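Heads up: the structure comes next, in structure tokens.
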Amino acid sequence: MTKKTILCIAIGTLAIPATLSAAVQGWEVCSAATLAEARRQLKARPLLVGVLLVEAHDEQLCAAVDGFLHEHWDMHWIALLHPPALESAAWRRLVHDHCRDFHTWPLDVQRLRHTLGHAHGLATLCSPSDGRGHGKPEPALTGQSVAIAGLRRQIVKVAGASAPVLIWGESGSGKELVAQAVHAHSPRRAGPFVPINCGAIPATLIQSELFGYERGAFTGAAREKRGLIEAAQGGSIFLDEIGDLPMELQANLLRFLQEKTIYRLGSTHSIAVDVRVIAASHVNLAQAVERGAFREDLYYRLNVLALDVPPLRERKEDLLPLAEHFFRTYSSERAPRVKGFSGRAAQAIRDYDWPGNVRELLNRVRRAMVMAEGRLILPQDLGLSTETGPRESAPLDDARIRAERDAIDASLQRAGRNITLAARDLGVSRMTLYRLLAKHGIPAPSRACYTAAPPSK
């Protein structure tokens, strides 16, 4: 029978006391005299249970131990303290936040042996087969569903080519992670990966941000500046929400894709740039082409290698692995007492449809890690309920959708179906209005209406 292994951190003592040695008979004991040595041992060999034996109980040491236990929150810790330590508020808080149990001197060997066995049993129950994230790191695209496994295979295939990649997926589904994975598996992985959100840069600045400018190109251009495309030399540039790129910039981007050269703003000579373009959009660009909102020639230049990112509702088996992955990734933000998800929380995660996709799951998990009151996250900590699932809010969702559609229809009527004026009336960009029209199935006005004046009253 294989011996169970335990880490014993004995700070301020030369040897493990005989009573503790008697309690751990039958265990394999890894000893560490300092926190640094304990970190090295846990990095080389992940363990489930640890014993913390501290002779000195000053507050400076308490702060160091607290930081260490926060790093290794997924282990089950048992504290062995002298009674005076519990007179300190800092040490009492440390034991409460991090330890499954504590013992004071003189030690009761039988009780301590029972505590260790119980802690190991609980740790084994809570420890999944992947070792709770130790060892080999999680891949960026977490999950083992059929949909995500197929996407991984496609990423490996397209990564080896040099042609442009077009990624489609709903908002929050992880399009940038897919782009990073394409770059990481490509021959350009040693080069830079430069992400650009085309919808977040003001239209007046996109030209200079993407292509750069020469000194004196405009007022305030005191020196030349490389654009983001140049900055990605030898690597990949990720154009997120490419559908929001203004039409005049689409022509410049098309020229770059065709000729592999750019012109800085204010320059008369071209610059050769070796960059792979990866673009993404949550808008169906084929439909945008039909509406006249996106250049057809640019669409076909970008849509050489296409990847579709599945929404989270089609990856139900990935929900809990993703939630656990986020819990581990942001463990430094959690309340110290929070150790994981309750069974009811796990069921609520499985039952929810996640309209905001991976981004919504990440935000709910991070919030729950901070706000949870107990040791385990409950459905209400996630803002979910096992009694009233998301489908019961459908009447409210329907009302909101109807109100949004009515507002768009009314604005188009007031503006004489002029897209520019209607967008201004609604307080959104033209591209956003086009997305809303597509979302609600409202026919886009003909191109003749783009500049027509509103009807006179």
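The values are calculated or read from the model by the stated rules, or taken from the named source; none is laboratory data. Keep in mind that what you see is a predicted model, and the values were worked out from it rather than measured. Here the Cβ is made from the backbone with ideal geometry for all residues, glycine too, and neighbour counts use every protein chain on show. All accessible areas refer to the heavy atoms of the entire protein, side chains included, with ligands and DNA or RNA removed. Shrake-Rupley method; radii C 1.70, N 1.55, O 1.52, S 1.80 Å.
Restricting to the range 246-266, what's the tally of residues that are in a loop (DSSP other than H, G, I, E, B) and in contact with a Phe, Trp or Tyr (Cβ under 8 Å, 6 or more places away or on another chain)?
Going through the range 246-266 one residue at a time, the tally reaches 3.
Does the range 156-181 hold any residues that are surrounded by fewer than 21 Cβ atoms within 10 Å (Cβ to Cβ), within 18 Å of Ser281 (Cα to Cα) and among the hydroxyl-bearing types (Ser, Thr, Tyr), and which are they?
Ser171
Would you be able to tell me the number of residues in the range 94-108 that are open to solvent by 40 Å² or more (accessible area, probe 1.4 Å) and either under 31 Å from the mean Cα position of the chain (by Cα) or modelled with pLDDT under 80 (or both)?
So the answer is 5.
Based on what the data block shows, is Arg276 surrounded by 17 or more Cβ atoms within 10 Å (Cβ to Cβ) and under 18 Å from Pro164 (Cα atoms)? Show your work before the answer.
Values: surrounded by 17 or more Cβ atoms within 10 Å (Cβ to Cβ): yes; under 18 Å from Pro164 (Cα atoms): yes.
Against the criterion (surrounded by 17 or more Cβ atoms within 10 Å (Cβ to Cβ) and under 18 Å from Pro164 (Cα atoms)), Arg276 qualifies.
What is the residue count in the range 80-92 for residues that are in contact with a helix residue (DSSP H, G or I) (Cβ under 8 Å, 6 or more places away or on another chain) and either polar (S, T, N, Q) or free of Cβ contacts under 8 Å to residues at least 24 places away in the same chain (or both)?
Residues of the range 80-92 in contact with a helix residue (DSSP H, G or I) (Cβ under 8 Å, 6 or more places away or on another chain): 80-81, 85-86, 88, 90-92.
If we keep only those that are either polar (S, T, N, Q) or free of Cβ contacts under 8 Å to residues at least 24 places away in the same chain (or both) as well, we get 86, 88, 92.
Looking only at that region, the number is 3.
So, in the range 375-390, of the ones that are touching a helix residue (DSSP H, G or I) at 6+ places or on another chain (Cβ under 8 Å) and in a loop (DSSP other than H, G, I, E, B), which residue ends up surrounded by the most Cβ atoms within 10 Å (Cβ to Cβ)?
Ranking the candidates gives Leu384 first.
Residues checked against (1) surrounded by 16 or more Cβ atoms within 10 Å (Cβ to Cβ); (2) in contact with a helix residue (DSSP H, G or I) (Cβ under 7 Å, 6 or more places away or on another chain); (3) not in a strand (DSSP E or B):
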position: Cys30; (1), (2), (3): yes, yes, no
position: Ala64; (1), (2), (3): no, yes, yes
position: Gly67; (1), (2), (3): no, no, yes
position: Ile78; (1), (2), (3): yes, yes, no
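Considering each residue of the range 229-249, count those that are at pLDDT 85 or above and surrounded by fewer than 18 Cβ atoms within 10 Å (Cβ to Cβ), and give that number.
3
Name the single residue that is farthest from Arg92 (Cα to Cα) among those in the range 32-47 being open to solvent by less than 50 Å² (accessible area, probe 1.4 Å) and not in a helix (DSSP H, G or I).
Among residues in the range 32-47 that are open to solvent by less than 50 Å² (accessible area, probe 1.4 Å) and not in a helix (DSSP H, G or I), the one farthest from Arg92 (Cα to Cα) is Leu47.
Only residues in the range 36-59 that are outside the structural domain of Gly121 (by the TED database) and over 26 Å from Pro83 (Cα atoms) count as the first member; pair them with residues that are at pLDDT below 80 and crowded, with 18+ Cβ neighbours inside 10 Å, Cβ under 8 angstrom, at least 6 apart or cross-chain, and list the lot.
Matching pairs, first to second residue: none at all.
Test Gln144 against the criterion of being surrounded by fewer than 13 Cβ atoms within 10 Å (Cβ to Cβ), of a type outside the set (A, V, I, L, M, F, W, C) and at pLDDT 75 or above, and give yes or no. Before you say what the answer is, go through the steps one by one.
Numbers: surrounded by fewer than 13 Cβ atoms within 10 Å (Cβ to Cβ): yes; of a type outside the set (A, V, I, L, M, F, W, C): yes; at pLDDT 75 or above: yes.
So Gln144 passes the test.
So is Arg153 at pLDDT 75 or above, loosely packed, with under 12 Cβ neighbours inside 10 Å and part of a helix (DSSP H, G or I) or not?
yes
Is it true that Trp73 is within 22 Å of Arg45 (Cβ to Cβ) and either acidic (Asp, Glu) or in contact (Cβ under 8 Å) with a residue 60 or more places away in the chain (or both)? Don't jump to the end; show me each part of the working.
On the way: within 22 Å of Arg45 (Cβ to Cβ): yes; either acidic (Asp, Glu) or in contact (Cβ under 8 Å) with a residue 60 or more places away in the chain (or both): yes.
It is true that Trp73 is within 22 Å of Arg45 (Cβ to Cβ) and either acidic (Asp, Glu) or in contact (Cβ under 8 Å) with a residue 60 or more places away in the chain (or both).
Only one of Ala280, Ala288 is in a helix (DSSP H, G or I) and hydrophobic (A, V, I, L, M, F, W, C). Can you tell me which?
From the options Ala280, Ala288, the qualifying one is Ala288.
Could you grab me the full set of residues in the range 296-318 that are of a type in the set (Ser, Thr, Tyr) and at pLDDT below 90?
none
Could you figure out which of (1) outside the structural domain of Gly243 (by the TED database); (2) open to solvent by less than 10 Å² (accessible area, probe 1.4 Å) isn't true of Ser281?
(1)
Regarding Asp353, is this residue part of a loop (DSSP other than H, G, I, E, B), open to solvent by less than 60 Å² (accessible area, probe 1.4 Å) and modelled with pLDDT of 85 or more?
Yes: the conditions hold for Asp353.
Out of everything in the range 182-200 that is open to solvent by 40 Å² or more (accessible area, probe 1.4 Å) and in a loop (DSSP other than H, G, I, E, B), what residue ends up being nearest to Gly243 (Cα to Cα)?
Filtering first and then ranking leaves Gly199.
Do we find that Ala372 is in contact with a helix residue (DSSP H, G or I) (Cβ under 9 Å, 6 or more places away or on another chain), of a type in the set (Gly, Ala, Ser) and closer than 30 Å to Arg92 by Cα in this structure?
Criteria met by Ala372.
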